[in-house]
Amino acid sequence: MTAIIKLVHSIKEIPTKYPAIISGYIIYLYLFVVMMRFFYIAKHSSVNIYDALEMFDALPFMWLLAMTLVKVIHTRTKLHESETQRMMKERELEKKETQIDTMREVVKGLQHQVNNPLAIMMLTIHKVKRLLPPSPELVGDINSIEGELKRITQVLKDFSETEYYAAEQIGKTLGAMAIPEKHA
């Protein structure tokens, strides 16, 4: 049963795969029939130029019709290919949108989990700055810690606000890492 279905399907595809050949067969079949008719009429009666023109007058129109058919099928094939490409690009875009939405959800969850400890650390650093005597070494370390905490906060903010993500290679063993793209 499947062999019959495949055969019918392949026969249906022949005109779209080989429209010029099918058109050629139709034109030559028509030409053959007309020539046989012409020779039959010529054998049984006299034929003048008007009779010949009358018998062969459809041949140029058949050729024009065949050429138009080939162009229509060619245009239809191109349209189908462009539509297929558009659909593939659309699927790819949907996939990337899903990935970005997932990335945003992950960043929101990460922000929620990280911002509370960061706030406690920042409050503790401000408290330490007020309570401890100012020594240059201690102030440098505290400022360094405060700068890194602000950097973590800014990175989380950048990830949550960005519209585009890029991938940056960070090593052979670790692979690619998502980074927010900077737009100027």
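Every number in this text was worked out from the coordinates using simple rules, so none of it is lab data. These numbers come from a predicted model, not from an experiment. All Cβ positions, even for glycine, are placed from backbone atoms using ideal geometry, and neighbour counts span all protein chains on display.
Which entry in (i) 129, 45, 28; (ii) 109, 50, 22; (iii) 62, 44, 34 matches Cα extents along the principal axes in Å derived from the coordinates of this structure?
(i)
Residue by residue, what Karplus-based ³J(HN,Hα) values in Hz, rounded to whole numbers, does region 137-152 have, using 6.51, -1.76 and 1.60 with θ = phi - 60° and x for Gly and Pro?
Whole-Hz 3J(HN,Hα) from phi for region 137-152: 5, 5, 5, x, 5, 5, 5, 5, 5, 4, x, 5, 5, 5, 5, 4.
May I ask for the angle, rounded to the nearest 10°, between helix 2-17 and the longest principal axis of the chain, with both axes built from Cα atoms and the value confined to 0 to 90°?
80 degrees
How high is the FRET efficiency from LYS6 to LYS71, r the C-beta distance, R0 30 Å, rounded to 0.05? Don't jump to the answer; show the numbers that get you there.
Values: r = 30 Å, r/R0 = 0.98.
Given R0 = 30 Å and the Cβ-Cβ separation, E is 0.50.
Which of the three applies to region 2-91, rounded, prolate or oblate, going by the alpha-carbon gyration tensor with a ≥ b ≥ c and a/c under 1.5 meaning rounded?
Oblate, since a/c reaches 1.5 and b/c is not below a/b.
Once fully extended, how much extra length lies between GLN113 and LEU64, figured as 0.36 nm per residue of separation less the alpha-carbon to alpha-carbon distance? Kindly include the intermediate steps, with their values, before the conclusion.
Details: separation 49, 0.36 × 49 = 17.64 nm, distance 7.29 nm.
Extra length available between GLN113 and LEU64 comes to 10.4 nm.
Helix-only estimate, please: 222 nm mean residue ellipticity of the chain, summing -39500 (n - 2.57) across DSSP H runs of length 4 or more and dividing by its residues, to the nearest 500.
Values: 5 runs with 150 residues, N = 184.
For the chain, the value works out to -29500 deg cm²/dmol.
Compute the FRET efficiency between ILE49 and TYR25 as 1/(1 + (r/R0)^6), taking r as their Cβ-Cβ distance and R0 = 22 Å, and round to the nearest 0.05. Provide the component values of the computation, followed by the final result.
Values: r = 29 Å, r/R0 = 1.31.
According to the calculation, E is roughly 0.15.
Please give the helix 19-44 orientation as an angle from the longest Cα principal axis of the chain, in degrees from 0 to 90, rounded to the nearest 10.
Rounded to the nearest ten degrees, it is 10.
For THR124 paired with ILE14, estimate the spin-label separation in nm (one decimal), with each label point 7 Å from Cα along the Cα-to-Cβ line.
8.2 nm
Report relative contact order for the chain in percent, whole number only (criteria: Cα-Cα under 8 Å, sequence separation at least 6).
15 percent
Against the longest alpha carbon principal axis of the chain, how many degrees, from 0 to 90 and to the nearest 10, is the axis of helix 58-131 turned?
10 degrees
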